[in-house]
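Working notes, beginning with the structure itself.
The values are calculated or read from the model by the stated rules, or taken from the named source; none is laboratory data. Since the model is a prediction, treat every value here as computed from it, not as a measurement. Here Cβ is always computed from backbone atoms with ideal geometry, including for glycine, and neighbour counts include all displayed protein chains. We work out accessible area using only protein heavy atoms, side chains counted, and drop any ligands, DNA or RNA first. Shrake-Rupley method; radii C 1.70, N 1.55, O 1.52, S 1.80 Å.
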Amino acid sequence: MMNDGAARPPQAMADDAGPRDAEPASGGRAFEGAPEFARALHDAMVSASERGTRRLCWCDQDFASWPIGDAGWIELLTHWSRKPGRELVMIARDWTVVERRHPRFVAWRRDWAHVVQCLVPDDAHTADLPTLWIDSDDQALRVFDAEHLRGRLGFDRVDRQRAREDFDAVSQRAGPGFAAATLGL
C-alpha cells in the first residue's frame, strides 16, 4: 500500500469485522491506567513526528486525562507542526476543561491556529464521545474503558478502520469550537 501522507477517505469495512466495542485480537500494545495511557499517547506522538505524519485526529470528552499541556508534549507537537501541510483535528464536548487544565496547550493552539481545527459535536452526538487518536500513517489509539483508561495503541487494520469510522461519524456532524483567540469589547 502506498502512503502519500494525505488523509484517506474511509473504506468499507468487512461484514465479519466483529462487534464495534470488541477489543482487538492482535497487533499493537495494550495499556491501562493514566500513566500507561499518557505513555501510549507520547509514543504515538513521537512516532507521528518522526515519520512526518501529515494529519492527526483526536477525540475525547474533554481531554482532561491527555498530557497535552505538558512541556514535553508541547515540544513534540511543535516539532511535528513545523513541517508543511500539517493538520490536527480535535473533537471535544467540553473545551473549558482544556482551557483550565492545559494552559500551555491553549497558548500553543493560539500560536499554531493555522494547523489546529477544534470541533464540538452537535447535541445528538455528544452523549459518549470515543477517546481516539488516529493519524494519516495508519496508527490508532483507542480507549475502550474510559473510567480505567484501558485501551490499545497499534496498527491493526480493523482497529484503524473502526476508529476512522467513529471519528468521521462525529466530525461530519460537528461545528467549530474553542477559538484560538477571543475578541473582547
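Please verify whether segment 88-105 includes one or more residues that are surrounded by fewer than 21 Cβ atoms within 10 Å (Cβ to Cβ), in a strand (DSSP E or B) and free of Cβ contacts under 8 Å to residues at least 60 places away in the same chain. Yes; the residues of segment 88-105 include at least one that is surrounded by fewer than 21 Cβ atoms within 10 Å (Cβ to Cβ), in a strand (DSSP E or B) and free of Cβ contacts under 8 Å to residues at least 60 places away in the same chain.
Residues that are open to solvent by less than 30 Å² (accessible area, probe 1.4 Å) and touching a strand residue (DSSP E or B) at 6+ places or on another chain (Cβ under 7 Å) do not occur anywhere in segment 73-85. D156 meets the conditions (1) at pLDDT below 90; (2) touching a His at 6+ places or on another chain (Cβ under 7 Å) in every case but one. The failed one is (2). Can W58 be described as open to solvent by less than 10 Å² (accessible area, probe 1.4 Å), part of a strand (DSSP E or B) and of a type outside the set (D, E, K, R)? Answer is yes for this residue.
For segment 106-116, a tally of residues being closer than 17 Å to S49 by Cα and open to solvent by 100 Å² or more (accessible area, probe 1.4 Å) returns 0.
The criterion of being modelled with pLDDT of 90 or more and closer than 20 Å to F167 by Cβ does not hold for W73. Pairs only if they're at least six apart or on different chains, beta carbon under 8 angstrom, first in segment 26-55 and over 13 Å from R142 (Cα atoms) and touching a residue at least 24 places away in the same chain (Cβ under 8 Å), second of a type in the set (S, T, Y) and open to solvent by less than 20 Å² (accessible area, probe 1.4 Å); list them, first residue then second. Sorted first by the residue in segment 26-55, then by its partner, the pairs are S47/T53; T53/S136; R54/S136; R55/S136.
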